[in-house]
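One structure below.
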Amino acid sequence: MVAQIPLLTEQQIQDRVIELATKLNSDYDGKNLLVVGILKGAFMFFSDMVRRLTVPMAVDFMIVSSYTDTETTGKINVHYDLRESITGKDVLIVEDIVDTGITLNAIRQMLLQRAPASLKICALLDKKERRLVNVPVDYVGFDIPNEFVIGYGIDYNNNYRNLPYIAVYKKEG
Ligand code: IMP
């Protein structure tokens, strides 16, 4: 048996996206913004977010994996890299969850070597208790407890990404 315990409603998420976008529109005013979505988990957050951005911007994506089940493997695989050069650009990484920080730290180190003008991170969810690697997260949607979550782009074994809300995923029995 699998239980889904509601954590964040569709309305709560959409309200927070608007708040974050308002802050980003002010912080990136007059900048050369490239928004980088980390697939697959961030696809829904990314598309809701960029729709609310009013500053001139471009988008690009990376496909990165770090998880096989509900525990981190401790290493990441880059399956698809950016197509755009980021040198001299103001880059904003958009990620679904920061958990141990291993994934974002690896992505951040990789992108810093390409000499962007600036590199910031926006994550929808932050599980601060689980952090193993210290990575600066500049914009956070919600701090959440140490639970495995699904929905709004976030998966368990590639399922549940379509849910418009976020729930805690529990296997029972
Ligand atoms: P980290 O490297 O441990 O920070 O893991 C980050 C990645 O692990 C996220 O981008 C997610 O893809 C995945 N992840 C972490 N926590 C969860 C969760 O609760 N549900 C689903 N995926 C998760």
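Annotations for the structure displayed:
- Spatial separation of Cα centroids for segment 1-66 and segment 81-114, in angstrom: 14 Å
- On the beta carbon distance between His79 and Lys170, with R0 = 35 Å, the FRET formula returns roughly 0.75.
- Whole-Hz Karplus values for segment 39-47 come out as 8, 8, x, 8, 4, 6, 4, 4, 6 Hz, taken residue by residue from phi with 6.51 cos²θ - 1.76 cosθ + 1.60 and θ = phi - 60°; glycine and proline positions read x.
- Fraction of beta bridges assigned by DSSP in the chain that are antiparallel (%, nearest 5): 35 percent
- Potential extension, Asp138-Ala58 segment - 0.36 nm per residue separation minus Cα distance: 26.8 nm
- Taking 0.36 nm per residue of sequence separation and removing the Cα-Cα distance, the Asn146/Arg131 pair yields an extension gain of 4.4 nm.
- Label-to-label distance, nm, for residues given as Thr87 and Asn159 (7 Å Cα→Cβ offset): 4.7 nm
- Only DSSP H runs of four or more residues enter the estimate; each adds -39500 (n - 2.57), and after division by the residues of the chain the mean residue ellipticity at 222 nm equals -7000 deg cm²/dmol.
- The amide H of Tyr165, built 1.01 Å from its N in the peptide plane, has Tyr152 as neighbours under 5 Å, considering only residues 5 or more places off or on other chains.
- Each Cα pair under 8 Å and six or more residues apart adds its sequence gap; the mean of these over the residue count of the chain is a relative contact order of 27 percent.
- Filter on Lys40/Lys127; Lys120/Lys170; Lys120/Lys171 - keep pairs with C-alpha separation over 30 Å: Lys120/Lys170; Lys120/Lys171
- The chain - Debye-derived log10 I(q)/I(0), Cα point model, q = 0.11, 0.13, 0.18 Å⁻¹: -0.43, -0.61, -1.19
Any read-out appearing in this document is the output of simple, stated calculations on the displayed coordinates, not a laboratory observation. Owing to the predicted nature of the structure, the values given are computational and were not obtained by experimental measurement. Positions of Cβ are backbone-derived with ideal geometry, glycine not excepted, and every protein chain shown enters the neighbour counts.
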